[in-house]
Amino acid sequence: MIGAGRLDATGAAYFDGDSPIGQPVGLRLSEDGQTLLIELADRVIAWQVTDVRSIDDFAGKGDSMLRMRRDPVARLFTPNPFVRRALPHLTRRAPPAGRGRLAMWAGAAVCAVFVQIAVLVPFLADQLADYIPLKGERALGDATFEQIKSALADNEYLPLQTCENAEGLAALTQMQNKLTASLELEQELRVFVLDHPMINAFALPGGYVVFFRGLIEAAQAPEEVAAVFGHEIGHVVSRDPTRHALRSAGSIGVLGLMFGDFAGGAVVLFLAERLIDAQYSQGAEAAADTFAYDVLHDAQIEPAALGDMFQRLKDEHGETEGIVAHFLSHPSLDARIQAARDASDRDTQVAPVLDAEAWAALQNICK
Amino acid sequence: MSAQIQGRYHGKGEPLFWLYIKTALLTMVKLGIYRFWAKTRIRKYIWSATSANEDSFEYTGTGLEKFLGFLVAIVILAIYLGIVQMVLFFAGLNLFMDPETASGADIVRQVAAIYITLFAVMPLLLFAQYRARRYKMARTRWRGIRFGMENAAWGYVWRAIGHYFLTLITLGILAPRASFYLEKYMTDRTWYGDARFEQDGKWTALYPAMKHLFIGAGFIIVGVALAALFEAIVAAILLSIVGYIWMIVGAVYYRVQAFNYLTAHKVLDDKIGFYSEVKTSTVIFTYIVGILIIGAVSSIAFTALFVVGFVGAFVTGMSFEASLSGSMVGAVALAIFGVVGYIAILLTLGALSLVIIVQPIIAHLVDGVQVHGAEHLDDITQRSADLGADAEGFADALDIGGAI
């Protein structure tokens with residue numbers, strides 16, 4: 001007859017963790033039910049019931065492999081499912097020993113990933129942007145431009161069209177020539193207008209400057225378009241888009257690795273979206289503004305046009321819409337408007353950038 | 001009198017199927033991070049279902065270890081790859097190229113850049129291979145005693161590059177030499193408790209296992225010769241197809257026979273021997289039947305999903321036609337149904353391939369292994385724990401290591 005607290009130990013075996021020999025055991029619970037007594041041939045081992053755990057995801061119905069929290073190697077195998085009932089703590093969590101070491105590693109690893117995204121990737125991207133050959137940059141821009149055109153289209157089979165009205169294009173070229181007359185550009189500009197109502201403009205690697213139809217229609221005067229134009233040329237000249245593309249690709253690559261790359265093809269799309277709404281660093285924006293003032297000054301346009309454009313669009317659209325989101329989301333907005341006005345203090349010989357006829361043609365470039 | 005132990009696999013399809021589904025769902029909910037824990041749990045199941053002399057194996061790895069190792073690995077990988085790319089840019093090679101406007105020389109440069117990048121990753125891939133095996137060994141126990149491997153991954157990297165280079169320039173003739181010596185390098189550094197494994201045998205003994213590869217290659221050579229000498233194009237194409245398929249089967253045959261030979265010539269502690277009788281036909285049959293079943297299930301399931309979705313769209317379209325908001329509710333419900341159905345099907349297919357292909361092949365492998373001289377096992381004692389913190393991070397980051 002099985003005595004008080006005695007458990008059926010048929011087929012059970014104890015492995016002490018020192019030698020690969022399964023020892024037959026007797027199993028008994030102490031009178032207070034708090035201790036599991038493992039009776040070996042030559043000694044009795046006592047496991048606190050609160051410390052006994054079972055190995056999870058164990059194959060074999062009814063079988064259990066038990067361990068004791070404070071002993072990393074000893075194991076007790078039992079094929080008797082009733083033993084489990086006497087041990088209510090089997091599936092409690094049991095943090096492994098050496099938690100401090102693990103926590104240290106976890107902290108270090110998370111920091112390393114953070115440093116990588118915040119410091120290393122931007123650093124590498126900045127270095128790369130200076131070394132990437134113009135041809136490669138252009139190919140990157142071509143690919144991204146195509147991506148953007150399909151990403152913004154309503155119909156996936158019909159990418160967004162560029163506006164091709166001949167007179168409008170002529171007016172745009174006229175404006176471009178005026179702005180770039182005093183510049184020596186490393187790479188040829190490629191200027192496009194996309195048939196889309198968004199009030200926005202952006203630059204891409206490889207000399208791309210792209211306006212949306214919405215921006216040209218919203219502008220009150222050709223000088224305002226010219227001001228935005230100058231700003232984007234500033235980004236092109238300092239290669240901000242290339243830097244940004246490499247940075248995003250690097251960060252997304254690291255994040256994609258982390259999350260198992262389950263996003264797959266979505267990465268490219270995401271990259272394209274990020275470029276349209278590219279938030280360059282404040283320094284890069286300020287540099288592009290300063291660049292624009294000079295360009296405008298040389299093209300006989302009041303640099304304040306840039307500030308006027310900001311101010312009016314801010315008044316009309318609030319802080320969060322279209323161009324506002326693009327140009328004006330920086331806290332230094334008022335400073336930028338002020339800077340544009342200050343830049344106008346020098347004696348700029350003012351001449352209209354486009355005549356009324358050309359301006360009308362530009363506004364109708366998508367018709 | 002030599003005691004003999006028989007390997008036995010007693011895992012079942014059903015619990016493993018649901019374990020896969022459960023962990024895969026958790027992986028989706030936790031944005032992919034849980035995949036380290038998921039793989040660990042599946043390994044725990046498979047290890048514990050593997051037994052020798054009724055004592056099952058135990059996998060003591062943890063998901064956290066794998067996750068940390070992975071974080072460390074991606075930091076190193078990113079720095080390394082970043083530097084490689086910078087050097088390439090510096091040399092005028094880069095990966096961005098518009099195929100429509102690129103000249104021939106551009107394309108050659110781009111292909112060169114891709115191969116240099118791949119080649120630069122090669123040492124890390126080999127490093128990862130060794131480290132992954134070492135991690136698995138260090139986290140495997142039988143009868144409470146740990147397995148383990150020495151910290152010798154870089155030695156493996158240089159040897160493997162040398163062996164693979166030799167294999168490449170001899171058009172695969174020296175492949176058995178590579179597989180033998182690389183396996184020997186790893187086996188000779190593997191321990192069970194305080195006992196060391198050793199790889200005996202000769203590399204030339206692997207040549208019989210290559211026979212079907214040679215026959216397949218022979219078909220292709222004859223085919224090419226026919227085309228060149230007699231312009232017998234149809235015969236040449238037929239022979240090449242036969243040769244190609246023959247070589248695929250031959251590759252499986254080689255791996256299986258090499259495994260049998262290498263296992264049979266492993267010795268533990270100078271006294272304990274092994275024997276393996278894996279059958280190529282069983283492996284290939286399991287694989288083909290599995291692929292056919294999964295293919296059939298997936299086409300039926302996707303067709304059913306499409307039909308139900310189509311009928312659903314029709315019905316909701318009819319009944320909710322009157323109100324716009326009503327049809328919106330219908331459309332949203334349909335979209336949710338479609339996404340959930342799609343995910344459910346993908347998960348089921350993944351679980352099926354684990355349960356009807358991977359697990360049966362593992363079972364066949366384990367059931368075919370015997371241990372001789374098992375009475376000497378009792379003399380072995382425990383080894384100290386291998387606390388390597390990087391787990392198999394590189395293998396995870398570079399996505400090698402296959403199913404398990």
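What helices (runs of 4 or more DSSP H) lie completely within segment B:94-207 and have 3 or more residues being at pLDDT below 90?
B:104-138
Looking at A:PRO133, A:PRO88, A:PRO81, can you tell me which residue is farther than 20 Å from A:THR35 by Cβ and more than 7 Å from chain B (Cβ to nearest Cβ)?
Selected residue: A:PRO81, the only one of A:PRO133, A:PRO88, A:PRO81 that is farther than 20 Å from A:THR35 by Cβ and more than 7 Å from chain B (Cβ to nearest Cβ).
Identify the residue in segment A:285-303 that is open to solvent by 20 Å² or more (accessible area, probe 1.4 Å) and modelled with pLDDT under 80 and, among all such residues, is farthest from the chain's Cα centre (by Cα).
Among those that are open to solvent by 20 Å² or more (accessible area, probe 1.4 Å) and modelled with pLDDT under 80, it is A:GLU302.
Scan segment A:101-111 for residues that are open to solvent by less than 50 Å² (accessible area, probe 1.4 Å) and more than 8 Å from chain B (Cβ to nearest Cβ) and jot them down.
Answer for segment A:101-111, where residues must be open to solvent by less than 50 Å² (accessible area, probe 1.4 Å) and more than 8 Å from chain B (Cβ to nearest Cβ): just A:GLY107.
Which one of the conditions (1) out of contact with any Lys or Arg (no Cβ under 7 Å at 6 or more places or on another chain); (2) surrounded by fewer than 16 Cβ atoms within 10 Å (Cβ to Cβ) does B:ALA152 fail to meet, given that it meets all the rest?
Condition not satisfied by B:ALA152: (1).
Okay, residues lined up against (1) free of Cβ contacts under 8 Å to residues at least 12 places away in the same chain; (2) within 22 Å of B:HIS10 (Cα to Cα); (3) aliphatic (A, V, I, L, M); (4) within 14 Å of another protein chain (Cβ to nearest Cβ):
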{"residue": "A:TYR14", "(1), (2), (3), (4)": "no, yes, no, yes"}
{"residue": "A:PRO24", "(1), (2), (3), (4)": "no, no, no, yes"}
{"residue": "A:SER30", "(1), (2), (3), (4)": "no, no, no, no"}
{"residue": "A:ILE38", "(1), (2), (3), (4)": "no, no, yes, yes"}
{"residue": "A:ALA41", "(1), (2), (3), (4)": "no, no, yes, no"}
{"residue": "A:GLN48", "(1), (2), (3), (4)": "no, no, no, no"}
{"residue": "A:ASP57", "(1), (2), (3), (4)": "yes, yes, no, yes"}
{"residue": "A:LEU66", "(1), (2), (3), (4)": "no, yes, yes, yes"}
{"residue": "A:ALA74", "(1), (2), (3), (4)": "no, no, yes, yes"}
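Please pick out the residue among A:PHE114, A:PHE123, A:PHE145 that is touching a residue at least 12 places away in the same chain (Cβ under 8 Å), assigned to a helix (DSSP H, G or I) and more than 8 Å from every other protein chain (Cβ to nearest Cβ).
Exactly one residue qualifies, and that residue is A:PHE145.
Residue-by-condition table, conditions (1) touching a Lys or Arg at 6+ places or on another chain (Cβ under 7 Å); (2) open to solvent by 20 Å² or more (accessible area, probe 1.4 Å); (3) in the same structural domain as B:VAL252 (by TED's automatic domain parsing):
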site: B:GLY144; (1), (2), (3): yes, no, no
site: B:TRP158; (1), (2), (3): no, yes, no
site: B:ILE161; (1), (2), (3): no, yes, no
site: B:ILE173; (1), (2), (3): no, yes, no
site: B:GLY223; (1), (2), (3): no, no, yes
site: B:LEU229; (1), (2), (3): no, yes, yes
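Output the number of the condition that A:PHE82 fails; it satisfies all remaining conditions of (1) open to solvent by 60 Å² or more (accessible area, probe 1.4 Å); (2) within 24 Å of B:ARG41 (Cα to Cα); (3) touching a residue at least 40 places away in the same chain (Cβ under 8 Å).
Status for A:PHE82: all satisfied but (2).
Hey, among B:SER240, B:SER281, which residue is within 30 Å of B:LEU354 (Cα to Cα) and either of a type outside the set (A, V, I, L, M) or open to solvent by 90 Å² or more (accessible area, probe 1.4 Å) (or both)?
The unique qualifying residue is B:SER281.
Do we find that A:GLY206 is within 13 Å of chain B (Cβ to nearest Cβ) and in a loop (DSSP other than H, G, I, E, B) in this structure?
Yes; evaluated as a whole, the condition is true for this residue.
Name every residue in segment B:10-52 that is in contact with a strand residue (DSSP E or B) (Cβ under 7 Å, 6 or more places away or on another chain) and within 9 Å of another protein chain (Cβ to nearest Cβ), in order of residue number.
B:HIS10, B:ARG43, B:LYS44, B:TRP47, B:SER48, B:ALA49, B:THR50, B:SER51
Could you list, in sequence order, the residues of segment B:160-196 that are more than 18 Å from B:VAL267 (Cα to Cα), without any contact (Cβ under 8 Å) to a residue 12 or more places away in the chain and of a type outside the set (S, T, N, Q)?
B:GLY162, B:PHE165, B:LEU168, B:ILE169, B:LEU171, B:ILE173, B:LEU174
Open to solvent by 50 Å² or more (accessible area, probe 1.4 Å) and closer than 25 Å to A:GLN363 by Cβ: which single residue out of A:GLN176, A:GLN147, A:GLN220 fits that description?
A:GLN220
Would you call A:ARG28 within 22 Å of A:ARG69 (Cβ to Cβ), in contact with an Asp or Glu (Cβ under 7 Å, 6 or more places away or on another chain) and either surrounded by 17 or more Cβ atoms within 10 Å (Cβ to Cβ) or at pLDDT 85 or above (or both)?
Yes, satisfied.
The values are calculated or read from the model by the stated rules, or taken from the named source; none is laboratory data. Bear in mind the structure is a predicted one, so any value in this text is a computation, not a measurement. In this analysis, Cβ positions are derived from the backbone assuming ideal geometry, glycine residues included, and neighbour counts consider all displayed protein chains. Ligands, DNA and RNA are stripped out before the accessible areas are found, and what is left, the full protein with its side chains, is counted by its heavy atoms. Shrake-Rupley method; radii C 1.70, N 1.55, O 1.52, S 1.80 Å.
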